[in-house]
Amino acid sequence: MLDKKYNHLLVEEGKYQKWLDNGYFEPTGKGDYYAIVIPPPNVTGKLHLGHAWDTTLQDILIRFKRMQGYNVLWVPGMDHAGIATQAKVDAKLKQMGINPRELKREEWLKYAWDWKEEYALNIHDQWAKLGLSLAYSRERFTLDEGLSKAVKTVFKKLYEEGLIYRGERIINWDPLAMTALSNEEVIYKETKGAFYHLKYYLEDKSSYLDVATTRPETLFGDTAVAVNPRDERYNHLIGKQVILPVVNKLIPIIGDEHADPEFGTGVVKITPAHDPNDFEVGNRHNLERIIVINPDGTMNDAALKYAGMDRFACREELIKDLEKEDLLINIEKITHNVGYSERTDVMVEPYLSKQWFVKMRPLADKVLANQLAKNTKVNFVPARFEKVMNHWMEITYDWCISRQLWWGHRIPAWYKGDEIFVGDQAPDETWVQDPDVLDTWFSSALWPFSTLGWPDATEDLKHYYPNNVLVTGYDIIPFWVNRMTFQGLHFTGQRPFKDCLIHGLIRDKEGRKMSKSLGNGVDPMDVIEKYGADALRFFLTTQTAMGMDLRYDEEKVKSTWNFINKLWNASRFVLMNIEDLKDDLIDLKTLKEEDKWILTSMNETIKIVTKNMEKYEFNNVGSKLYSFIWNDFCDNYIEFAKFSLDDITTKKVLLKVLTNILKMLHPFMPYVTDEIYSMLPIHEENIMISKYPLYEKKEVFKETYNSFKDKQEFIKNFRTIKLENKIGKDFKIKINKENDYDLIFKLLRIDQDQIINSSNKKAFKVSYKDYDLDIIYESIITEEDKLLKEKQIKSLKNSIERREKLLSNENYLKKAPKDLVAKEKETLALEKDKLAHLLG
RNA sequence: GGGCGCUUAGCUCAGUUGGUUAGAGCAUCUGCCUUACAAGCAGAGGGUCAAAGGUUCGAGUCCCUUAGCGCCCACCA
C-alpha cells in the first residue's frame, strides 16, 4: 500500500539502476527506427537548468516513442569543449603550483584527460538523477577514436575539394587564451571608449589631417591614410604623404571607397595587420602589413619604446606623449560596440595570422537550396527559427577553424618548407605536424553521424540517420545547428535530422538570464533533492510554448509537486479498492453512465495528448493531463465511484483510467509513474516498456457523455445557489421536473426524507435543462446578496440581448456552421430560463 | 541599419485552421476536518486581450500603422 504522502526521495531511489540493469534504455531491435543524439554537454563542469530542460524534452520524446513501439536510440555523449576546458585545466594546474606553459604537450594532455574522466562521472551522475533513458552502449566523446577518424576524414576531403585552405587573414585573436576565434565566438558589447583625434602632418608640415581612431596603439602599424576619392575636401591630397606621429616616417595618402566622407573626419588611418577592413584596403593598394602586438596582448618591437607594454597601458602612455608633442587634437568620449571573447571575456584583438579556414559559400548554398525542398529540408519547430539559419547561410563567411590550443583534434596537416601534406600520417620523418587543433565546433558539427559510426557504413548509421529530431536552444543555432546542417548535407547527402526542436533560455524569476556573475543560478540537483526529478521535469516542459524563454519559479515547481501528490493520493484510493481484481476486461454492457462519461473523457484525452505529443506541444499535453486527472478523474469520477465501490465494473474502470493516466504521464514523470504502476494488481512488465494508450472508439459514448455533463452542471448550480443564499443543512427539496436524481442526491447528501411535495416557505429554484427543483429554506437576504443578484441579472440580460441580436443577423444564420447556430439557440433558451428564475 | 519575439486576470503563462460570455496555476474572498489527499474539497470575484485603424456575419487570433520591452545578426575607422 502507498504511504499517505508522496515522498519523492523514496520513490526515485534505486529506480534508475533498475531500468539500467533491465536494459530498458537500449534499442529493442523491434519496430521502426527512431533516433535522437544528445547535444553533448561540455566536460567543463556541472549541468545547469538549461541542460535539464533540453534533455528532459528529449527523454519525453524517447520514452513516448519507445512506448509506441519504436526501436528507439538516444545516443549519449560529451564534448571536449576546447578553450573552456583548457582554461579550466590551466587554472587547476596553477592552483596546484604548476605552470601549465612549462609542461610538455603530452604531460599537459594527461592532466586534461584526468579532468575529463572526473567531470564525465559528474555528468553521468546528473543524467541519472534526471532519469534520462540514454543508450549507454552507444556513448561517445568528441575526442574518442571513432570521432577523431570522422574529423580527419572530413578535413582531408574538404581540403582535397578545395573547401579547406590555409591562409593569412585578419582573425579574432583572444590574447588571454592566445588563440584564434571564429566570428561566432566573439560577443559584441556596448563599451565606453573614445575617439582619439590625432594630427597626421603633411610632409611639408604646412598643415595636418585630423585622423580619429579608437585604438591609437595600432598607429605603429599604419601604412597609409585613406580618404574617399570623391571627397572634395581631401581628394587633391591623394598621392601625397603624411608623417606618422611618434614613428616619424612617411606614409602615403590613398584614395579608397572604404573612407566614408560622412563618418567622423572622413580620414581614416590604415593598419592592414590589425583591422579586417584595413586588410582589404591594404590588399587593394599593396600596402605593407606590420604586426605591432604580440600574441599575449603586449606591444612588440614595432611599437618602439612601448615594446613590452600591455596594449592598454601603451594606449595610455602614447596618448600622454602625443599630447606633450601637441599631436593630440582632442579626445571624444563615445560608446561603441567592442568584441569580447565568448570564453575568456577579454577584448578581442583583430590580428593578422596564418590560420586554416573552411570556405563557406559553396557549403552554405547547398543548405539554402536544400531548405527549399519540403521533403528533405530541416524542419524547424517553431518554424520561425528556419529564418535564423537561412540568414546565417546567406551572410556567412569563411570559418576560421584552427585554434592555438592543445585540447582538441590535432590538425592532420604536415609541413616541409612551403609544402603542405594533409592526411593521417606524415609521408616521412622530415615533415612536421601543425601544432594547432581544430575548433571544437568542427567535431560537434559531425555529431549526428559521427556518433553512429560514420565514415564506416555501420548498421546504426543505416537505421538511425538522419536522426528524427534534434533538440536545442535557439542560442546554439549559429554555433551548432547550422554547421551540422551543412556538414551533414555535404558528407551524407542528407539533412542530419528531420526536425529541429528549438526551446528558449531559462531565466530567473525576474526574467534575467541565469549567470555566474549575477549569482542567480539554480542547480537542478538542488531542485531534485527538494521536489524530485518528476516535479522538475513536468515543470520545465509544460510551462511555456516551444521556443519561448522560461522563468524559473520555485512556487511553480512546488505546485507541480502538489499535482503529483494529488495523483499519489488518488492512486492510493484506487489501490485500496481494487486489490482483489483478477482481470481487467470490462463488460461494456455493465457500464453506468458515470463510467461511460469518464471513459469517453479518457479517450478524448488520449487523442488530444497523442496529437500534441506528436506536434511537440508539451504545454498542451501538460494542461490537458492536469485537468483530466485533477478535475475529471479525482474531483468527479472518484467521488461518483465512492457510491459503487462494490461494483466490479467500477473497480475495472478505476484501474483502466488510472493505468492510462500513468502511461500518459510516464514520459514526463518516469519515477512516480513506475512506482504506482508496479503496484497495480494487473500490469505489464514495466511501465516504460508498456504500450502507450490508444484511442478506443468502442469506449466513447458521446450521448451519455453530454447528458452526464448536464447532470454535473446541475450539481454545480445547486451548490452555487446553496452557498450564495447561505442555505444551512435543514433544507427541503421539491422536485419540479421528474428525472434521475439518484446520483445527484447522493453527491449532495440529500436524504429521501428531505424530499417533500409542497411547502409555503421560501423556495430557491435550481434548474439546468431537464433537471429542475426547489430548495425550500428560510433565509435572511442581505443587501449584499441583493446587489449580487442584481449584478447577475444585469449580465444575463446583456448576454441575452447580444445573442438575440446575433441570431437575428441573417448573414450569421447563412454563413455560420449549422451546429454552432443550434448551440447558440440552445444557450439562449437556457439563459432566458435562468433569468426567469432569478426574477422569481 | 536588418530581422525576430513579446505586450492577455494582482503575478507567471496558455490560447490549434478566425466561431458560445477569453482559460490555467499561484494569489484573493466565502463555506467546509465529506473516512485518497487541509500540500485538500465546494463555490465566487477579477481581463474594453498594449493603442488606433482595416478585412469579416464574427477578430486575442488575419492585414496596416504606432508605442514600450527583449533577443539575434551586421557594424564606421
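The values are calculated or read from the model by the stated rules, or taken from the named source; none is laboratory data. Please read these numbers as outputs of a predicted model, since none were measured by experiment. For neighbour counting, all protein chains shown are included, and Cβ atoms are generated from backbone atoms with ideal geometry for every residue, glycine included. For the accessible areas, the whole protein counts, side chains as well, though only heavy atoms, and no ligand, DNA or RNA atoms are used. Shrake-Rupley method; radii C 1.70, N 1.55, O 1.52, S 1.80 Å.
Table: residues versus (1) of a type outside the set (A, V, I, L, M); (2) part of a loop (DSSP other than H, G, I, E, B); (3) touching a Phe, Trp or Tyr at 6+ places or on another chain (Cβ under 9 Å).
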{"site": "A:Val522", "(1), (2), (3)": "no, yes, yes"}
{"site": "A:Asn565", "(1), (2), (3)": "yes, no, yes"}
{"site": "A:Trp568", "(1), (2), (3)": "yes, no, yes"}
{"site": "A:Leu575", "(1), (2), (3)": "no, no, no"}
{"site": "A:Asp580", "(1), (2), (3)": "yes, yes, no"}
{"site": "A:Lys589", "(1), (2), (3)": "yes, no, no"}
{"site": "A:Gly622", "(1), (2), (3)": "yes, no, yes"}
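If we keep just the residues of the range A:409-420 that are open to solvent by less than 70 Å² (accessible area, probe 1.4 Å) and within 42 Å of the chain's Cα centre (by Cα), which is farthest from A:Thr153 (Cα to Cα)? The residue in question is A:Trp414. If I filter the range A:655-675 for residues that are open to solvent by 10 Å² or more (accessible area, probe 1.4 Å), touching a Lys or Arg at 6+ places or on another chain (Cβ under 9 Å), touching a residue at least 24 places away in the same chain (Cβ under 8 Å) and over 24 Å from A:Lys746 (Cα atoms), do I get at least one hit? Yes, the range A:655-675 contains at least one residue that is open to solvent by 10 Å² or more (accessible area, probe 1.4 Å), touching a Lys or Arg at 6+ places or on another chain (Cβ under 9 Å), touching a residue at least 24 places away in the same chain (Cβ under 8 Å) and over 24 Å from A:Lys746 (Cα atoms). Here is a check on your reading of the model: is A:Asn757 on the phi < 0 side of the Ramachandran plot, more than 9 Å from RNA strand B (Cβ to nearest atom) and in a loop (DSSP other than H, G, I, E, B)? Yes; evaluated as a whole, the condition is true for this residue. Inclusion of A:Tyr165 among residues that are in a strand (DSSP E or B), more than 20 Å from A:Ile293 (Cβ to Cβ) and away from RNA strand B (no atom under 16 Å from the Cβ) is warranted. Looking only at residues of the range A:625-654 that are near RNA strand B (Cβ under 9 Å from one of its atoms) and free of Cβ contacts under 8 Å to residues at least 40 places away in the same chain, we find that the one that is nearest to A:Ile586 (Cα to Cα) is A:Lys642.
Suppose we filter A:Glu332, A:Glu386 for residues that are over 30 Å from A:Ile293 (Cα atoms) and open to solvent by 30 Å² or more (accessible area, probe 1.4 Å); which single one remains?
Working: A:Glu332 fails: over 30 Å from A:Ile293 (Cα atoms).
None of the other options fit; the residue is A:Glu386.
Considered as a group, the residues in the range A:707-759 that are under 47 Å from the mean Cα position of the chain (by Cα) and of a type in the set (A, V, I, L, M, F, W, C) include one that is farthest from A:Ile638 (Cα to Cα), and that residue is A:Leu723. Name the residue that is nearest to RNA strand B (Cβ to nearest atom), counting only residues in the range A:260-285 that are more than 21 Å from A:Leu352 (Cα to Cα) and surrounded by 16 or more Cβ atoms within 10 Å (Cβ to Cβ). Out of the qualifying residues, it is A:Gly264. Of everything in the range A:1-30 that's closer than 25 Å to A:Asn468 by Cα and modelled with pLDDT under 95, which residue is farthest from RNA strand B (Cβ to nearest atom)? That would be A:Gly29. A search for C-beta distances below 8 Å between a residue of the range A:789-817 that is open to solvent by 70 Å² or more (accessible area, probe 1.4 Å) and any residue that is more than 7 Å from RNA strand B (Cβ to nearest atom) and assigned to a helix (DSSP H, G or I), counting only pairs 6+ apart in sequence or on different chains, returns A:Lys789/A:Leu838; A:Lys797/A:Leu835; A:Glu804/A:Leu828; A:Leu813/A:Leu807; A:Leu813/A:Val821.
Residues that are of a type in the set (Phe, Trp, Tyr) and either over 27 Å from the mean Cα position of the chain (by Cα) or buried (at least 21 other Cβ atoms within 10 Å of the Cβ) (or both) within the range A:617-637 comprise A:Phe618, A:Phe628, A:Trp630, A:Phe633, A:Tyr637, listed in sequence order.
For the range A:704-737: of the residues being of a type in the set (S, T, N, Q) and within 11 Å of RNA strand B (Cβ to nearest atom), which is most open to solvent (accessible area, probe 1.4 Å)?
Out of the qualifying residues, it is A:Asn706.
For A:Lys157, indicate whether it is open to solvent by 10 Å² or more (accessible area, probe 1.4 Å) and touching a strand residue (DSSP E or B) at 6+ places or on another chain (Cβ under 8 Å). Here the answer is no, as A:Lys157 does not meet what is asked.
In the range A:538-548, which residues are open to solvent by 30 Å² or more (accessible area, probe 1.4 Å) and touching a helix residue (DSSP H, G or I) at 6+ places or on another chain (Cβ under 8 Å)?
If we filter the range A:538-548 for residues that are open to solvent by 30 Å² or more (accessible area, probe 1.4 Å), which is where we start, we get A:543-546, A:548.
Selection gives A:Gln543, A:Thr544, A:Ala545, A:Met546.
Within the range A:538-560, the set of residues being within 6 Å of RNA strand B (Cβ to nearest atom) and under 13 Å from the mean Cα position of the chain (by Cα) comprises A:Gln543, A:Thr544, A:Ala545, A:Met548, A:Arg551. Look at the range A:484-496: where a residue is modelled with pLDDT of 95 or more and open to solvent by less than 30 Å² (accessible area, probe 1.4 Å) and a partner is outside any helix (DSSP H, G or I) and hydroxyl-bearing (Ser, Thr, Tyr), sitting 6+ places away or on another chain with Cβ atoms under 8 Å, you get A:Pro496/A:Tyr465.
Going through the range A:125-151 one residue at a time, which ones are assigned to a loop (DSSP other than H, G, I, E, B), more than 26 Å from the chain's Cα centre (by Cα) and polar (S, T, N, Q)? Before you say what the answer is, go through the steps one by one.
Of the range A:125-151, the ones assigned to a loop (DSSP other than H, G, I, E, B) are A:131-135, A:139, A:142-144.
Those left that are additionally more than 26 Å from the chain's Cα centre (by Cα): A:144.
Correct list: empty.
Counting only residues that are within 13 Å of RNA strand B (Cβ to nearest atom) and open to solvent by 10 Å² or more (accessible area, probe 1.4 Å), which one in the range A:515-537 is nearest to A:Leu61 (Cα to Cα)? Taking the candidates together, the pick is A:Tyr531. When the range A:241-259 is filtered for residues that are loosely packed, with under 15 Cβ neighbours inside 10 Å and over 15 Å from A:Gly282 (Cβ atoms), the ones remaining, listed by number, are A:Asn248, A:Lys249, A:Leu250. A:Ile251: outside any loop (DSSP other than H, G, I, E, B) and either within 15 Å of RNA strand B (Cβ to nearest atom) or within 48 Å of the chain's Cα centre (by Cα) (or both), yes or no? Yes, satisfied. Are any of the residues in the range A:227-238 in a strand (DSSP E or B), within 12 Å of RNA strand B (Cβ to nearest atom) and within 27 Å of A:Ala313 (Cβ to Cβ)? No; the residues of the range A:227-238 include none that is in a strand (DSSP E or B), within 12 Å of RNA strand B (Cβ to nearest atom) and within 27 Å of A:Ala313 (Cβ to Cβ).
Would you pick out the residues in the range A:31-50 that are part of a loop (DSSP other than H, G, I, E, B) and either open to solvent by less than 60 Å² (accessible area, probe 1.4 Å) or modelled with pLDDT of 95 or more (or both)?
Going through the range A:31-50, the residues part of a loop (DSSP other than H, G, I, E, B) turn out to be A:31-32, A:38-41, A:43-48.
Within the range A:31-50, A:Gly31, A:Asp32, A:Ile38, A:Pro39, A:Pro40, A:Pro41, A:Val43, A:Thr44, A:Gly45, A:Leu47 meet the criteria.
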